[in-house]
Every structure is written in C-alpha cells, then in structure tokens.
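The values are calculated or read from the model by the stated rules, or taken from the named source; none is laboratory data. Treat the numbers as computed from the prediction; the structure is a model and nothing was measured. When we count neighbours, we look across all protein chains shown, and the Cβ atoms used for this are built from the backbone with ideal geometry, even at glycine. We work out accessible area using only protein heavy atoms, side chains counted, and drop any ligands, DNA or RNA first. Shrake-Rupley method; radii C 1.70, N 1.55, O 1.52, S 1.80 Å.
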Amino acid sequence: MASYNFERALSSMARERLEISEIGEMIRLVKHHGAISFTAGEPSADLMPALQLKEAFGDVFDDPSLLGYAGSVLGYPDLREWIRDWMRDDGLLPDWVVASDIMITCGSQEGLSLAGEALIDPGSYVLVESPTYMEALLSFRKQGAVCVGVPTDEHGIVVEPLETVLKSKNIRFLYSIPNFQNPSGYTASAERRIEVLDVLRKYDVPILEDDPYHHLSYDGETPPTYIKLSGGDARVVYLGSFSKIVAPGIRCGWMIAPASLMTRISSLRVNACLDLPSVLQRGLLNYLSRIDVKAHIEGLNSVYRRRRDALLSALDRHMGGMGFTHNRPGGGFFVWGNVDGIADMTDFARYAVASEKVGVIPGSVFFAPGAADQTSIRLSFAKNDEAQSEEGCIRLARAVKNYRKGSL
Ligand SMILES: Cc1ncc(COP(=O)(O)O)c(C=O)c1O
C-alpha cells in the first residue's frame, strides 16, 4: 500500500516559512568529521553541575503533588519568586515587576517563539540587530515577519539608521541581545541603550530584550538592562535563561512581560502544551537554593575568561598577518571576525570542517535578508581549553591558506 504523502497536507507556514538551521548543519558536520569545534554556543559539559543537579532533582519526588498538572500556567511559583528576588537584588528590574509578570519558559527560545506568536502577523516588520541570533530570525520568519536589520557598532545599535527605519515603517518591535551578543560578542553601552530607548519611545515601539549571556562577564560590570532603564513605561519584554549558567539540557528560562501581554502569552502556552514540568522547575529551584549562585557564576567566568584569552592569543599567533581581523568580547561565548579574500564563507566553512577538521560558523547566517556580510565568521570558545584552541587555530590558518590557493 502506498504511504500517505504529508506534503499535500502541509500548512503554508510549514511549506513556505520553515527554514533549516545552518548552525545545526555545521554542528552535525563537526560530529561527523570528529573536528575541533568553534561552532556551538553551548556551555562546556565539564562546567555543568551534574552531581549537584542529581541530588537536587532526586529530592523532588519527596513531594508527589508535583507529579500532577501544574497549578499555574506561568510555572512553579517559588521559582518565579526566586527569579524576581535574584534579579531585583542585582538591580536588574523596574519596580512594576512582580512574580505574576514572570513566566517560566522552555529556554529563552520558547520565549522568542511565544513573543513572536503574540506580536507578529504575516508581513509585520520586526527590527533586528545586524548581525543577530539566527534562530530568532527563523522563529520570527516562521510567523511571517519581515526582519529588517539595523547596523550595530562596538557600542550597540547605531541610532541614526534606527530612527530612519522607524520613520519609514510600522515596526512591531525591536529584538535586541544587548550583552555579549550572539554572534558578534559586542555589548551595548549604557549611553547607547538610553539613546535607543529614547528613539523607541518617540515612535512608540516595544523591545524584546534577549539576555542569556548576562552573567558571563569577564572584564567588569554589565550595563543596566533595557527593562530596568525603561522603568514605568513597561515597553520591554525580557527573556532570561539558565542554559548558559546551569545547563541547556534542563531547558529552563523565563520571560518577563506586563500583564496586558502576559494574559495572551499564557493562553498561547496553554494552547501549545498546557504547562511545563513542575518536577523540573522544583529540581532547579532546589539546586539554586543550595548553592552560592554568585560564587558559581564567578567560577564559570574565571574558566571562560581563560578560554576567551586562549582563543584570542591563538588567533593572533596563527591567523595574524593573514587578512584576518577579530574583536575582543567582554563576555559570553563568541569572537566575531572577518577574513579577507573569501567570497563565500559558507563554502569555506564546509571545506574547513571536511579538509582540516575544524568547525566554524559563517557569519552570513546571522543577517536579515539582503544585509549579509559574506566575509564574517563566528568562533565560539566555550568548549575549548587552551590546547584545543591552539590546535584549532593552526588548522583554521591552514584551511584559509589552502582554500585561497584552491580558489585562485
Ligand atoms: C541570543 C540567544 N537567545 C536565545 C538562545 C536560546 O537559549 P535557550 O537555551 O535558553 O533556549 C540562545 C542560545 O544559544 C541565544 O544565543
């Protein structure tokens, strides 16, 4: 019997607006070739607190009531209160935020998706940084958004072109990753954030602030959040995540939104999955309540700082003088570079992983259509110790040399 062909039954969204993640493909190729990887924006497994999580999660089953459907669509109340207190103590929140403005999400990725569902119609314009997080582009485009890139420099979004777009188009929201941005590594300065907020207020446009790297700061204080700076006007929806500071596999993040939006987002959540597992949220809360969170984050930062410095010095040693330039991120996982004389970085990345067994992400995947910078490249240092970065850069330099020779 011929099997049913689901192509015929697909929605126009599934048929026309779902795109394959080039990052996922590069990560697959890295595994396939057993390559040294500068690809994944994922924390290092050796820094994930497996033993403490095992204990914290084991104790969850002392309370069998957690095995029923959750009482709250927003997520486990005690965890939401913990997040509010933690962020408030760090001075990251405006006064209006109470625990019922916080929803636990399946990573900040779910927050992006829910916000997109609530705020985007097919054809809506969404402003994104140039470059920006690729999975956000895919998620917004799935909803039918037309993503418009705004230029950034080492201080954040450049205000003049931002205002030009705001003047000419009806923008639904600005999506921004202000700290240790994925992919560029840049952090918006406090002054620039204030200027951006002022312009958005003028055109009455909200911000979706995605802040998963907030705590991974290696050179000093992180500037104030947009949500704090926006104060009482509550035009910022904030996304946080435990993926980079605890473990991405627990899939736990949070969204902060004013009540007028949160009621809609709650309905979307019920619609999609009723609620998220209470056992998971209780386990995470057990863990967070038993550790010194500040000391834990300082420990992570001292390792990642060393890894960043190792990659930067290996790049300078092996790629210096080859038409390669790069920035120096103050935190997060990513170094952003440019390689002269390579017209198609996607083709180069495939060549490098297959021939020299080193994985990188071509920068072009991080841009809204029409804005791509073809010579840029993203390198993650999160998972590599000094020796791996050294060997990875030797391979990368060889790949650049041989690729250029081959394309003469
Ligand atoms: C900017 C940005 N937003 C969101 C995410 C998704 O993270 P989560 O694991 O919290 O869903 C990532 C992950 O790499 C990211 O870099």
With respect to residue 77, is the statement that it is open to solvent by 30 Å² or more (accessible area, probe 1.4 Å) and either modelled with pLDDT under 90 or in the same structural domain as residue 265 (by TED's automatic domain parsing) (or both) true?
yes
Could you list, ordered by first residue, the pairs with Cβ atoms under 9 Å in which the first is in segment 132-159 and among the acidic types (Asp, Glu) and the second is part of a helix (DSSP H, G or I), at least 6 apart or interchain?
135/23; 135/109; 135/112; 153/192
Could we say that residue 124 is away from the ligand (no atom under 16 Å from the Cβ) and either among the hydrophobic types (A, V, I, L, M, F, W, C) or closer than 22 Å to residue 13 by Cα (or both) here?
yes
Name the pairs whose Cβ atoms lie under 6 Å apart, with the first residue in segment 180-191 and open to solvent by 30 Å² or more (accessible area, probe 1.4 Å), the second within 12 Å of the ligand (Cβ to nearest atom), and 6 or more positions between them or separate chains?
187/179; 187/180
All but one of (1) part of a helix (DSSP H, G or I); (2) under 21 Å from the mean Cα position of the chain (by Cα); (3) touching a residue at least 40 places away in the same chain (Cβ under 8 Å) hold for residue 25; which doesn't?
(3)
Flagged in segment 97-118 as closer than 13 Å to residue 237 by Cβ and in contact with a helix residue (DSSP H, G or I) (Cβ under 8 Å, 6 or more places away or on another chain), in numbering order, are 97, 101, 102, 103, 105, 112, 113, 114, 115, 116, 117, 118
Scan segment 223-246 for residues that are over 14 Å from the mean Cα position of the chain (by Cα) and either modelled with pLDDT of 95 or more or within 11 Å of the ligand (Cβ to nearest atom) (or both) and report the count.
12
State whether the residues of segment 136-149 include one that is under 16 Å from residue 365 (Cβ atoms), at pLDDT 95 or above, within 11 Å of the ligand (Cβ to nearest atom) and open to solvent by 10 Å² or more (accessible area, probe 1.4 Å).
yes
Selection within segment 87-126 - aliphatic (A, V, I, L, M), under 19 Å from residue 143 (Cα atoms) and open to solvent by 20 Å² or more (accessible area, probe 1.4 Å)
118, 119
Odd one out for residue 56, checked against (1) open to solvent by 50 Å² or more (accessible area, probe 1.4 Å); (2) within 27 Å of residue 298 (Cα to Cα):
(1)
Of all residues in segment 192-217 being within 18 Å of residue 91 (Cβ to Cβ) and charged (D, E, K, R), which is farthest from the ligand (Cβ to nearest atom)?
193
